[in-house]
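The values are calculated or read from the model by the stated rules, or taken from the named source; none is laboratory data. The model shown is predicted, which means the values in this text are computed figures rather than measured ones. Cβ coordinates were reconstructed from backbone atoms using ideal geometry, including for glycine residues, and neighbour counts include every protein chain displayed.
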C-alpha cells in the first residue's frame, strides 16, 4: 500500500502481484508519503484491502475520491503457485539456515511457519492450505457491496506497461521498474495442481477470472 499526497494516488497491494517491485522502484523517487507496514496493527498495513484503506483515509480526513486508486491482479492459479514456491524455498532455507539470510527473530519465526506448512504433507495438501488461507483478489479491490472500488486494475502479466501507465497517469517521470522477489524456477505447476485444486481456485477467484479472462495454464512457472 503506497500513498502519494503530491501526486494524489494510492496503490492497493495484493500479495504476489509485483507490489514489492512497485515499492522498491517508487520509494527512492521521494514521491511516496506513506508506505504500508508489514504489521497488521499498523494504521496502513502493507497488503490491506481497499475497504480498510478507505476507512483510514476518513480517520485522517483525507478525501478518498481525490486519489487515483491503482491495483495489480494476477492469474490466480499462478499466484497461489507463487506462494507455494516462496514458502517451500523459505522452508528449505530455514532448515539449512541458509547463510544468505540474516536469521533474526522475524526471519526465524517465518521460517518455522514455512517449515511447519510442509511437514508431513504432500504438495497438494500444502497448496490447498495456501489457497484456503489467502484472501481472493477481489476482496482487495472491491467494496462491501462487491463493487469495484479502484480506478484501474492492472495485470501482473503486463507489469512493465502497466507501471508506465501509472506513472504517466499521476505525473511521475517513468523510472526503470525494479524486478524484486522473483521466484526460483522449480517443478512445473502441473506437478502440484490436481483437478480438485484447479476447481477450488476457479470457485474462490471467480471474480478476477471473469474480469480478466484468466485460464489455468500448466506451462507457466
Restricting region 23-39 to residues that are within 19 Å of the chain's Cα centre (by Cα) and either assigned to a helix (DSSP H, G or I) or not assigned by TED's automatic domain parsing to the domain that holds residue 13 (or both), which is surrounded by the most Cβ atoms within 10 Å (Cβ to Cβ)?
26
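Being part of a helix (DSSP H, G or I) and crowded, with 20+ Cβ neighbours inside 10 Å is the filter here, so list the residues in region 62-77 that pass it. So that I can check it myself, show each step before the final result.
Quick first cut of region 62-77, residues part of a helix (DSSP H, G or I) only: 64-66, 76-77.
Once the filter is applied, which keeps residues that are part of a helix (DSSP H, G or I) and crowded, with 20+ Cβ neighbours inside 10 Å, region 62-77 yields 76, 77.
Any residue in region 40-47 that is touching a residue at least 12 places away in the same chain (Cβ under 8 Å), in the same structural domain as residue 10 (by TED's automatic domain parsing), under 25 Å from residue 210 (Cα atoms) and part of a helix (DSSP H, G or I)?
We begin by selecting, within region 40-47, every residue touching a residue at least 12 places away in the same chain (Cβ under 8 Å); these are 43-47.
Subset that is in the same structural domain as residue 10 (by TED's automatic domain parsing): 43-47.
When the remaining residues are screened for being under 25 Å from residue 210 (Cα atoms), the result is 47.
Going one step further and asking which of them are part of a helix (DSSP H, G or I), we end up with none.
Within region 40-47 (the criterion being touching a residue at least 12 places away in the same chain (Cβ under 8 Å), in the same structural domain as residue 10 (by TED's automatic domain parsing), under 25 Å from residue 210 (Cα atoms) and part of a helix (DSSP H, G or I)), the answer is no, since none of the residues qualifies.
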Looking at (1) in a helix (DSSP H, G or I); (2) touching a residue at least 24 places away in the same chain (Cβ under 8 Å); (3) under 19 Å from residue 87 (Cα atoms); (4) out of contact with any helix residue (DSSP H, G or I) (no Cβ under 7 Å at 6 or more places or on another chain), can you tell me which one residue 197 breaks?
(4)
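Yes/no matrix, rows are residues, columns are (1) over 19 Å from the mean Cα position of the chain (by Cα); (2) surrounded by 13 or more Cβ atoms within 10 Å (Cβ to Cβ); (3) farther than 29 Å from residue 122 by Cα:
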position: 139; (1), (2), (3): no, yes, no
position: 162; (1), (2), (3): no, yes, yes
position: 168; (1), (2), (3): yes, no, yes
position: 188; (1), (2), (3): yes, yes, no
position: 195; (1), (2), (3): yes, no, no
position: 199; (1), (2), (3): yes, no, no
Pick out the one residue from 121, 85 that is out of contact with any helix residue (DSSP H, G or I) (no Cβ under 6 Å at 6 or more places or on another chain), outside the structural domain of residue 153 (by TED's automatic domain parsing) and in contact (Cβ under 8 Å) with a residue 40 or more places away in the chain.
85
Reported set for region 51-61 where residues are surrounded by 15 or more Cβ atoms within 10 Å (Cβ to Cβ) and farther than 19 Å from residue 137 by Cα is 56, 57
Assuming residue 20 fulfils every condition listed in (1) under 23 Å from residue 157 (Cα atoms); (2) out of contact with any strand residue (DSSP E or B) (no Cβ under 6 Å at 6 or more places or on another chain); (3) not in a helix (DSSP H, G or I) apart from one, which condition is it?
(3)
Which number in (1) loosely packed, with under 13 Cβ neighbours inside 10 Å; (2) within 20 Å of the chain's Cα centre (by Cα); (3) assigned to a loop (DSSP other than H, G, I, E, B) marks the one condition that residue 177 misses?
(1)
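Do we have residue 217 as assigned by TED's automatic domain parsing to the domain that holds residue 51, closer than 15 Å to residue 75 by Cα and surrounded by fewer than 13 Cβ atoms within 10 Å (Cβ to Cβ) here? Quick ask: steps written out before the conclusion?
Values: assigned by TED's automatic domain parsing to the domain that holds residue 51: no; closer than 15 Å to residue 75 by Cα: yes; surrounded by fewer than 13 Cβ atoms within 10 Å (Cβ to Cβ): yes.
No; evaluated as a whole, the condition is false for this residue.
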Counting only residues in region 147-158 that are in contact with a helix residue (DSSP H, G or I) (Cβ under 7 Å, 6 or more places away or on another chain) and touching a residue at least 60 places away in the same chain (Cβ under 8 Å), the one surrounded by the fewest Cβ atoms within 10 Å (Cβ to Cβ) is identified as 155
